Amino acid sequence: MSKKRTEPTYQLHKASGQARTVIDGKSIYLGIHGSPESQERFNDLKAEWRLRQSVEQYTLTVDELALRYLVHADAYYRHKDGTPTRTAENIRYALRPLIALHGTTRVRDFGPRALKAVREKMVAAGHARTYINSMIGKLKQVFRWGLEQGNRMSETDFIAMIALRF
């Protein structure tokens, strides 16, 4: 999973007097600090960086979000001695019908109706109501985590989805 990236800033490299910026961990020298050329080059690089960030955030699929969350869950849900708890496995069980129905759906297009379709698939599979409610809660947790990580989805759909009660 990638780190949350900070927006590039225009900086002075004191030793050389050049302007520089750091993008994705790499220093890029822009020319003489304060010159119009270095400012223009910085603005171009920053615009390209923003475009790459927004494309990644808006094209994330449910499959990709699920994989990222599973990596997080495997590392987070552990006993004090470091052994894994069953929570990550339970999350995997909850994700199966979600991925089967909406794996290729972009996260920003996923909403309450899609979540209800996942619930209906669980009902059709013959699961108990309490089990289904527990699994739906885990799915909401996945999307809440994704939103905290900076992934985009419609805010109104997210609020409606989290407010759903079954």
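The values are calculated or read from the model by the stated rules, or taken from the named source; none is laboratory data. All figures in this text were calculated on a predicted structure; none of them were measured in a lab. All Cβ positions, glycine included, derive from the backbone under ideal geometry; neighbour counts span all protein chains shown.
Determine if the stretch 74-81 includes at least one residue that is in contact with a helix residue (DSSP H, G or I) (Cβ under 6 Å, 6 or more places away or on another chain), without any contact (Cβ under 8 Å) to a residue 60 or more places away in the chain and in the same structural domain as Gly146 (by TED's automatic domain parsing). Yes - at least one qualifying residue is present in the stretch 74-81. Might you let me know whether the stretch 60-70 holds any residue that is out of contact with any Gly (no Cβ under 7 Å at 6 or more places or on another chain) and under 30 Å from Tyr10 (Cα atoms)? So far as the stretch 60-70 goes, yes, one or more of its residues are out of contact with any Gly (no Cβ under 7 Å at 6 or more places or on another chain) and under 30 Å from Tyr10 (Cα atoms). In a residue-by-residue description of the stretch 51-63, the property of being surrounded by 12 or more Cβ atoms within 10 Å (Cβ to Cβ) and more than 21 Å from the chain's Cα centre (by Cα) applies to no position. What are the residues in the stretch 105-149 that are touching a helix residue (DSSP H, G or I) at 6+ places or on another chain (Cβ under 9 Å), hydroxyl-bearing (Ser, Thr, Tyr) and modelled with pLDDT of 90 or more, if any? Correct list: Tyr131, Ser134.
Would you be able to tell me the number of residues in the stretch 7-40 that are assigned to a strand (DSSP E or B), surrounded by 14 or more Cβ atoms within 10 Å (Cβ to Cβ) and polar (S, T, N, Q)? So the answer is 3.
Can you find even one residue in the stretch 62-85 that is assigned to a loop (DSSP other than H, G, I, E, B) and closer than 30 Å to Thr6 by Cβ?
Looking through the stretch 62-85, at least one residue is assigned to a loop (DSSP other than H, G, I, E, B) and closer than 30 Å to Thr6 by Cβ.
Remark: pairs (first residue in the stretch 16-32, of a type in the set (Phe, Trp, Tyr); second residue assigned to a strand (DSSP E or B); Cβ separation under 6 Å; 6+ apart in sequence or on different chains) = Tyr29/Gln18; Tyr29/Arg20. Of the candidates Ile99, Ile28, Ile91, the single residue that is among the β-branched types (Val, Ile, Thr) and over 23 Å from the mean Cα position of the chain (by Cα) is Ile28.
Given the options Ala117, Ala88, name the one that is in a helix (DSSP H, G or I), among the small types (Gly, Ala, Ser) and surrounded by 17 or more Cβ atoms within 10 Å (Cβ to Cβ).
Ala88
Criterion applied to Glu7, Glu37, Glu48 was being on the phi < 0 side of the Ramachandran plot and touching a helix residue (DSSP H, G or I) at 6+ places or on another chain (Cβ under 9 Å), and the one residue passing it is Glu7.
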